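Structure first, commentary second.
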Amino acid sequence: MTHPWIDLVRNSDPLTTLYSTVPPLNDVRLRSIHLNWRGPTLTLRIDLPSFPDNAPVDWIESGNDTFQCHLQFLAVNNFRMSAWRPPTLASISISSTHDRRISVSATGEQTIFSFDSSDSILVGHMSAFTACEAGQDTGPRNFLGRVDSRRFKSLPNTYEKTFYEHL
């Protein structure tokens, strides 16, 4: 049985405040996957398919048109990947299995992977930026969280563990 993904997000308040209706995980731009042996956890950095209809004023005034966030999955196992060429458009499907576990799969033209995890998803590092013509996510961005807003004005380098390993 497939559940709406937002119902599995433990800290969904920021998303449900930004969006009147949180979009499905169809045609998301998948930017990165971060695997961490602690937990073990898997974090996806994605652009949602639509910009929030209740975006903060500074996002609108900055001309931002793309919303990005991290989705973190806990107690991950059975990770399988047969294609990965980011950034790519992909659809992410989530279905319940048993014992409070879910099965997650992502499929796109250049990406195919799947894994199992606990049925508790975390969202974090929410930000907005103006996508470049080629779809890149470099350049200035506005972060929703106060800590991220103070620390970063653009996407941090991939070795910034406090950004990529912690929400």
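Filter the range 42-73 down to residues that are among the hydroxyl-bearing types (S, T, Y) and touching a residue at least 40 places away in the same chain (Cβ under 8 Å) and give me whichever is farthest from P4 (Cα to Cα). Give the steps one after another, and end with the answer.
Taking the range 42-73 and keeping what is among the hydroxyl-bearing types (S, T, Y), we get 43, 50, 62, 66.
Among the residues that remain, those that are also touching a residue at least 40 places away in the same chain (Cβ under 8 Å) are: 43, 62, 66.
Details: T43: 19, S62: 31, T66: 22 Å.
Only one residue fits best here, namely S62.
Those residues that are in a loop (DSSP other than H, G, I, E, B) and among the aliphatic types (A, V, I, L, M), I need them from the range 53-92; list them, please. Walk me through it before giving the result.
The first filter runs over the range 53-92 and keeps only residues in a loop (DSSP other than H, G, I, E, B), leaving 53-56, 62-65, 74-76, 85-87.
Correct list: A55, L74, A75, V76.
Working carefully through the options P4, P23, find the one that is surrounded by fewer than 16 Cβ atoms within 10 Å (Cβ to Cβ) and farther than 19 Å from Q110 by Cα.
P4
Give me the pairs: first residue in the range 74-98 and free of Cβ contacts under 8 Å to residues at least 40 places away in the same chain and among the basic types (K, R), second residue surrounded by fewer than 16 Cβ atoms within 10 Å (Cβ to Cβ) and in a loop (DSSP other than H, G, I, E, B), beta-carbon distance under 6 Å, and six or more apart or on different chains, which are they?
Close Cβ pairs (under 6 Å, with a partner that is surrounded by fewer than 16 Cβ atoms within 10 Å (Cβ to Cβ) and in a loop (DSSP other than H, G, I, E, B)) amount to R85/Q110.
Would you be able to say whether some residue in the range 110-128 is in a strand (DSSP E or B), of a type in the set (G, A, S) and more than 20 Å from N36 (Cα to Cα)? Give the derivation first.
Taking the range 110-128 first, the residues in a strand (DSSP E or B) are 111-118, 121-128.
Adding the requirement that they be of a type in the set (G, A, S) leaves 114, 117-118, 124, 127-128.
Add one more test, that the residue is more than 20 Å from N36 (Cα to Cα), and what stays is 127-128.
The answer is yes; a qualifying residue exists.
So A134 fits all but one of (1) touching a residue at least 12 places away in the same chain (Cβ under 8 Å); (2) outside any strand (DSSP E or B); what number is the exception?
Exception for A134: condition (1).
Inspect the range 137-158 for any residue being assigned to a loop (DSSP other than H, G, I, E, B), surrounded by 13 or more Cβ atoms within 10 Å (Cβ to Cβ), modelled with pLDDT under 95 and of a type in the set (D, E) and give the result as yes or no.
Yes, some residue in the range 137-158 is assigned to a loop (DSSP other than H, G, I, E, B), surrounded by 13 or more Cβ atoms within 10 Å (Cβ to Cβ), modelled with pLDDT under 95 and of a type in the set (D, E).
Mind listing whichever residues of the range 43-63 are over 27 Å from V104 (Cβ atoms) and touching a Pro at 6+ places or on another chain (Cβ under 9 Å)?
W59, S62
Return the residue satisfying two criteria in turn: it lies in the range 64-121 and is of a type in the set (D, E, K, R) and on the phi > 0 side of the Ramachandran plot, and of such residues it is surrounded by the most Cβ atoms within 10 Å (Cβ to Cβ). Step through it out loud before you land on a result.
Residues of the range 64-121 that are of a type in the set (D, E, K, R), as a first pass: 65, 80, 85, 99-101, 109, 116, 119.
Of the ones still in play, those that are also on the phi > 0 side of the Ramachandran plot are 99-100.
On the way: D99: 7, R100: 10.
Checked the range 64-121; the qualifying residue surrounded by the most Cβ atoms within 10 Å (Cβ to Cβ) is R100.
The values are calculated or read from the model by the stated rules, or taken from the named source; none is laboratory data. Since this is a predicted model, take the numbers as computed values, not measurements. Quick reminder, even Gly has a Cβ in these numbers, built from the backbone with ideal geometry, and neighbours come from all protein chains shown.
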